[in-house]
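Every read-out reported here was derived from the displayed coordinates using simple, explicitly stated rules and does not represent laboratory data. Everything numeric here is computed off the predicted structure, so don't read it as measured data. All Cβ positions, glycine included, derive from the backbone under ideal geometry; neighbour counts span all protein chains shown.
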Amino acid sequence: MRLLYVEDNRLNALLFEEMLHAFADIELRVSENGRDALKVAAQWQPQVLVLDANLPDTTGIELLPRLRALPGLEDVPAYMCSADSSPEDIAGARRAGFDDYWVKPVDIHSVIRALKSLAQKPSER
């Protein structure tokens, strides 16, 4: 499973990488901003997107439709990952097309459960 994590905070990215390190079937790429994420996604075609809400050059909500406009990424599962956890933030992300909202610090069990569920249902995407 190819997972693109767009996160400008290097510590958060390292924690996420460490969390997924034990899963050999997950190939992780990290981009620090929207511009780089678009380049990586166009060349590598991720199967899962995890976007930080606030990036240096855009927001996760603005970036998602730009990523999904790339060929093959129209229906890729997407997760917002942010410390902003108000009901309005979560509802806004869902309206924007995110499948779920992971509040930082990210609960490893929620992430693994979601990724395992996706791995079991690849034909539905």
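GNM, the chain, Cα, under 10 Å: largest mean-square fluctuation among L115, L11, L55? Greatest mean-square fluctuation among the candidates belongs to L11. How many angstrom separate the Cα center of region 72-125 from the Cα center of region 12-26? Taking the Cα centre of region 12-26 as reference, the centre of region 72-125 is 16 Å away. Using r as the Cβ-Cβ distance of D75 and L11, and R0 as 41 Å, what FRET efficiency do you calculate, to the nearest 0.05? Efficiency, from the Cβ-Cβ distance: 0.85. Counting helices only, and only those DSSP H runs with n ≥ 4, report the 222 nm mean residue ellipticity of the chain as the sum of -39,500 (n - 2.57) divided by its residues, in deg cm²/dmol to the nearest 500. Result for the chain: -12500 deg cm²/dmol, rounded to the nearest 500. Taking 0.36 nm per residue of separation and subtracting the current Cα-Cα distance, fully stretching the chain between R29 and I112 would add 28.2 nm. Size of region 51-125: Rg and Dmax of its alpha carbons, in Å, are 12.6, 34. In sequence order, region 40-53 has phi-based couplings of 4, 5, 5, 8, 10, 6, x, 9, 9, 10, 10, 10, 5, 5 Hz under the Karplus curve 6.51 cos²θ - 1.76 cosθ + 1.60, θ = phi - 60°, and Gly or Pro positions carry x.
Ellipsoid fit via the Cα gyration tensor, region 1-54: semi-axes of 17, 15, 7 Å, each the root of five times an eigenvalue, largest first. Comparing S82, S31, S110 in a Gaussian network model of the chain, where Cα atoms under 10 Å apart are tied by springs, the biggest mean-square fluctuation is seen for S110. Database remark: amide H of E27 closer than 5 angstrom to the amide H of R2, L3 (H placed geometrically; neighbours at sequence offset of 5 or more, or on other chains; Pro and chain starts carry no H). Using Cα positions and a limit of under 15 Å, work out the aspartates and glutamates in reach of K116, with same-chain residues fewer than 8 apart set aside. The reachable aspartates and glutamates, counting only those whose Cα sits under 15 Å from K116, are D25, E27, D99, D100, D107, E124.
Contact order for the chain, expressed relative to its length and based on alpha carbon pairs under 8 Å spaced 6+ residues apart, stands at 22 percent.
Going by a ≥ b ≥ c, the root eigenvalues of the Cα gyration tensor, does the chain fall in the rounded group (a/c under 1.5), the prolate group (a/b larger than b/c) or the oblate group? It is rounded, given that a/c, with a ≥ b ≥ c, falls under 1.5. 3J(HN,Hα) along region 62-68, derived from phi through the Karplus expression 6.51 cos²θ - 1.76 cosθ + 1.60 where θ = phi - 60°, amounts to 6, 6, 3, x, 5, 5, 5 Hz, with x in place of Gly and Pro.
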